[in-house]
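Below you'll find the structure, written out as structure tokens, and then a few comments.
The values are calculated or read from the model by the stated rules, or taken from the named source; none is laboratory data. This is a predicted model, so every value here is computed, not measured. Here Cβ is always computed from backbone atoms with ideal geometry, including for glycine, and neighbour counts include all displayed protein chains.
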Amino acid sequence: MPMTEEEKSKCKKIIHGHAAAAAAGNLVPIPGVGIAADTVTMTTMAMTLAGVLGGSITESVAKNMAINAIVATMKKQPIRVIAKEVSKVVPVVGQLVAPAISVAMLEASGWLLADELVDERDKTKRLEEPSTISGGHNFRYEKKFELPNPE
């Protein structure tokens, strides 16, 4: 079941807000601080998104999800990550470039994370559905089987 419009709207606010917070953390001109800020921001984002999408996760699970989402984004956009960290060495320019790149990465990671949470929610719902399986077979029947009338 895809996200409802209300869920999308809430996720958008959460992701944008956390991306802005990560951008602020990336204003510090020290390489490595930005990745730490991104990880902390993604952790709180994961916990908040889980709440919106009908679940709850612990901080350690959220941190693992955040790290996995950041790593997945880094694999898709390695040049951005390198540029973000290298740009911090250049005064003023780095303080403009790093936050912009961080926002783009957090936006992408946030939506990736939201989609994962929706997939997990849907998988859990499918497992909890009452089953129509009976009689030692593994087929789902929507209606009862009836023999044709011999007339």
Quiz item: Just to be sure, is ARG140 outside any helix (DSSP H, G or I) and either modelled with pLDDT under 80 or charged (D, E, K, R) (or both)?
Solution: yes
Practice problem: Among what's in segment 2-33 and is out of contact with any Leu (no Cβ under 8 Å at 6 or more places or on another chain) and among the acidic types (Asp, Glu), pick the residue that is surrounded by the most Cβ atoms within 10 Å (Cβ to Cβ). | Solution: GLU6
Practice problem: State which residue is modelled with the highest pLDDT when the search covers only segment 58-71 and only residues that are of a type in the set (A, V, I, L, M) and surrounded by fewer than 18 Cβ atoms within 10 Å (Cβ to Cβ). | Solution: VAL61
Exercise. Please state which one of ALA37, ALA22 is in contact with a Ser or Thr (Cβ under 6 Å, 6 or more places away or on another chain) and in contact (Cβ under 8 Å) with a residue 12 or more places away in the chain.
Key: ALA22
Self-check item: Among the candidates VAL81, VAL97, VAL103, VAL90, residue that is under 17 Å from ALA37 (Cβ atoms) and modelled with pLDDT under 70
Solution: VAL81
